[in-house]
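Take a look at the following structure, please.
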Amino acid sequence: MAAWFTFTIAFSTTLLSQVCASGVFELDLHEFKNLKGLLANGNVCKPSCRTYFKICLKNYQAVVSPGDCIFGSTVTPVLGTNSFSAKDSGTLQGPIQIPFKFGWPGSFSLIIEAWHSPFGNLPVETNNPDFMISSFATQKQLGVGTDWSQDTQTGAQTELRYSYRFVCNESYYGESCSKKCTPRDDRFGHYTCTRDGQLSCLPGWKGKYCEEPICLEGCSERNGNCSKPGECLCREGWQGTFCDECKKHPNCKHGTCQLPWQCDCQEGWGGIFCDQDLNFCTHHRPCLNGATCMNTGQGSYTCTCLPGYTGVNCDLEMQECDSNPCRNGGTCTTLEGGYICKCPKGFEGSHCEHNLLTCADSPCFQGGKCWEKDNGRSYKCECPPGFTGLNCEKRVDKCTSLPCANGGLCVLQGGMRMCSCRTGFLGQRCEINVNECVGKPCLNGGTCQDRINDYFCVCPAGYGGRNCDRVLNECSLQPCLNGGSCTGGGGPGKSPANCVCPPGFTGPRCESLATFASPDTGEDGFQ
């Protein structure tokens with residue numbers, strides 16, 4: 001009765017207590033024929049040949065000779081009697097396997113012996129040649145692969161048909177199964193293995209062992225990093241999607257930065273934190289109705305109004321009666337969209353400009369001479385020296401035309417008018433604003449800004465006072481960033497301010513991240 005048979009041979013070889021390779025030689029016995037039921041010596045098996053096999057795998061030999069089975073050996077159970085096929089046996093669950101723990105050499109010698117078990121279905125540990133049925137020996141070149149090689153061995157009375165191959169165990173690759181590669185996705189690596197055992201990084205990873213995450217595309221290599229693919233985690237002092245934007249000092253109001261914790265003032269702003277408004281006119285535009293604005297110092301300004309407007313910011317529209325349009329003592333009354341003049345007795349016209357008197361009425365006082373006008377309907381008085389007015393009724397006041405500018409007081413002395421100027425102005429009409437900065441009152445490099453009868457000093461760091469003559473303690477300005485401590489700072493002639501930085505920061509104000517040389521690469525890194 002024919003029967004299929006498969007079995008497993010366990011064979012292990014240890015080299016220096018370390019696995020250098022891993023594979024398995026597989027042998028699949030298909031069919032054995034012993035039609036006459038004879039032994040190798042010509043005797044007949046009684047009642048039939050209960051057949052089992054001895055397998056010996058060894059190194060390649062041009063002439064296969066008995067000896068040690070260097071690669072491995074095994075003995076099968078009884079698989080059938082006389083002639084049989086493995087298909088119907090069901091004895092074993094797969095091909096014969098001889099495992100390797102060293103590199104497959106690419107060639108081998110194979111000895112397959114068929115033996116008779118005289119005492120039942122158990123193989124007998126014996127080398128008695130009287131129980132041998134047949135012996136086959138072969139030597140082959142064999143590469144690693146999943147394809148089976150077929151072979152048939154024929155003896156005097158028997159025939160054996162079988163196939164064989166050598167395959168790598170899981171995680172081993174190469175021509176000798178000596179290259180190990182185990183796919184992983186953990187903190188030690190993130191990769192799969194190619195057909196030749198090379199590492200193939202999973203998406204988002206790089207490095208020799210695929211242990212380095214690939215950060216978000218565009219992420220600054222110097223200012224950012226990542227712990228997993230697609231991230232961009234900013235180092236201290238940097239921000240933005242790609243960590244390419246520096247962080248300003250937290251107290252910086254109107255400034256920018258090129259490096260972390262800087263405060264570079266925008267135009268029109270000053271001070272350590274750019275919070276001093278040096279251009280109030282541009283930033284706030286306080287002057288209204290077309291007025292002209294002039295900066296007069298930090299946070300101060302002056303508006304020059306167009307005609308018809310008044311007020312600090314030229315926000316008040318002047319009434320038409322404010323210009324005194326009514327003549328000859330007429331009374332002005334403001335109306336919606338205009339005004340009206342109420343004329344005194346003897347005058348008429350929209351501005352009370354017409355005199356109802358004539359020379360016949362002797363209207364000219366102080367001996368003034370009367371001249372008729374408009375064919376006698378009006379007149380004009382020619383006043384004597386020292387008098388004026390329509391009827392020469394007023395003494396001449398040379399100050400009535402308000403000749404003095406900037407609040408100067410007009411006075412008459414010996415018939416001559418003179419302007420008495422306010423402090424801070426000079427000139428015949430008080431039209432010149434005295435520049436108090438001419439005397440250079442600001443010391444120690446301070447910048448002088450002229451004001452009306454005054455000046456203002458913008459002092460450099462380390463100085464204060466009206467004239468920048470007072471030395472400040474620079475440490476009181478808290479110049480040190482990132483937790484740095486300030487020492488010294490007494491001003492000129494004394495120890496200057498010095499920042500003692502905490503670990504991880506450097507720079508005059510501790511504004512920069514410290515760098516260190518990597519012991520592995522020698523390149524700069526961040527602490």
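What distance in nm lies between label points placed 7 Å from Cα along the C-beta direction at Val411 and Asp374?
4.4
Also, quick follow-up: Grab every C-alpha pair in segment 186-286, bin the distances at 10 angstrom width from 0 up to the longest one, and report whole percents.
Distribution as computed: 16, 26, 21, 16, 11, 7, 3, 1 percent.
Another one. Under a Cβ-Cβ cut-off of 15 Å, what is the net charge of the residues other than Gln276 that fall near it, where Lys and Arg count +1 and Asp and Glu count -1?
Details: positive: Lys253; negative: Asp264, Glu267, Asp275, Asp277.
Charge balance in the 15 Å sphere: -3.
What relative contact order, as a whole-number percentage, does the chain give when Cα pairs under 8 Å and 6 or more residues apart are counted? All intermediate terms of the calculation are to be shown ahead of the outcome.
Numbers: 1180 pairs, mean separation 35.9, N = 527.
Relative contact order, the chain: 7 percent.
Please sort 505-511, 479-485 by packing, taking for each peptide the average over its residues of neighbouring beta carbons within 10 angstrom, highest first.
Working: 505-511: 19.4, 479-485: 17.9.
With the highest mean Cβ count within 10 Å placed first, the list reads 505-511, 479-485.
Summing +1 for each Lys or Arg and -1 for each Asp or Glu, what net charge is found among the other residues whose Cβ lies under 10 Å from the Cβ of Asn82? Intermediate values should be presented prior to the final figure.
Values: positive: Lys33, Lys36, Arg50; negative: none.
Net local charge, Asn82 excluded: +3.
Here's a follow-up. Taking R0 as 25 Å, what's the FRET efficiency between Val434 and Arg470 from their Cβ-Cβ distance, rounded to 0.05? Please report the intermediate quantities before stating the final value.
Values: r = 26 Å, r/R0 = 1.03.
The calculated FRET efficiency here is 0.45.
Moving on. What shape does the chain take by its C-alpha gyration tensor, where a ≥ b ≥ c are the square roots of the eigenvalues and a/c under 1.5 counts as rounded, a/b above b/c as prolate, and the rest as oblate? Mind showing how you got there, number by number?
Working: a/c = 9.66, a/b = 4.08, b/c = 2.37.
Cα axes put the chain in the prolate bin.
A follow-up question, please. May I ask for the net charge around Glu393, where only other residues with Cβ less than 15 Å from the Cβ of Glu393 are counted and Lys, Arg are +1 while Asp, Glu are -1?
Net charge around Glu393: +3.
Charges only on Cβ, +1 for Lys and Arg, -1 for Asp and Glu: so what's the dipole of the chain about the Cα centre, in debye to the nearest 20? Walk me through the numbers on the way to the answer.
Values: 44 positive and 51 negative charges, 73 e Å.
So the dipole magnitude of the chain works out to roughly 360 debye.
Provide the gained length on full extension for the span Gln198 to Arg184, in nm with one decimal, where the gain is 0.36 nm per separating residue minus the Cα-Cα distance.
Details: separation 14, 0.36 × 14 = 5.04 nm, distance 1.30 nm.
Extra length available between Gln198 and Arg184 comes to 3.7 nm.
Additional query: Using 17 Å as the cut-off for backbone N distance, which residues of segment 254-268 belong to the label zone defined by a point 7 Å from the Cα of His283 along Cα→Cβ?
254-257, 263-268
Just the number: Rg to Rh for segment 364-469, Cα atoms, Kirkwood Rh, two decimals. Provide the component values of the computation, followed by the final result.
Working: Rg = 25.3 Å, Rh = 18.0 Å.
Using only Cα positions, Rg/Rh for segment 364-469 is 1.40.
Also, I was wondering about something else. Modelled label-to-label distance, Lys36 and Tyr209, 7 Å Cα→beta-carbon offset: nm?
Placing both labels 7 Å along Cα→Cβ, they lie 6.6 nm apart.
So what's the Cα pair-distance distribution over segment 23-173, bin width 5 Å, in %?
With 5 Å bins starting at 0, P(r) equals 2, 9, 19, 22, 20, 14, 9, 4, 1, 0, 0.
Still on this structure, please answer the following. Treating only the Cβ of Lys, Arg, Asp and Glu as charged (+1, +1, -1, -1), what charge dipole size does segment 23-173 show about its Cα centre? Round to the nearest 20 debye. Mind dumping the intermediate values first?
Numbers: 11 positive and 12 negative charges, 44 e Å.
In debye, rounded to 20, segment 23-173 gives about 200.
Still on this structure, I have one more. Is it possible to state the helix-based mean residue ellipticity at 222 nm for the chain, with each DSSP H run of 4+ residues giving -39500 (n - 2.57), the sum divided by total residues, to the nearest 500 deg cm²/dmol? What is it?
Values: 1 runs with 5 residues, N = 527.
Calculated mean residue ellipticity at 222 nm is 0 deg cm²/dmol.
If you average the sequence gap of Cα pairs under 8 Å that are 6 or more apart and divide by the length of segment 23-173, what percent do you get for the contact order? Before the final figure, lay out the partial values.
Values: 331 pairs, mean separation 53.8, N = 151.
Relative contact order here is 36 percent.
Obtain the nm distance between the two label points defined at Val312 and Lys87 by a simple spin-label model: each point lies 7 Å from its Cα along the Cα-to-C-beta direction.
It is 11.3 nm.
Coordinate-derived values only; no laboratory data. No experiment lies behind these values; they were computed from the predicted model shown. Cβ sites come from the backbone with ideal geometry, for glycine too, and all protein chains shown count toward neighbours.
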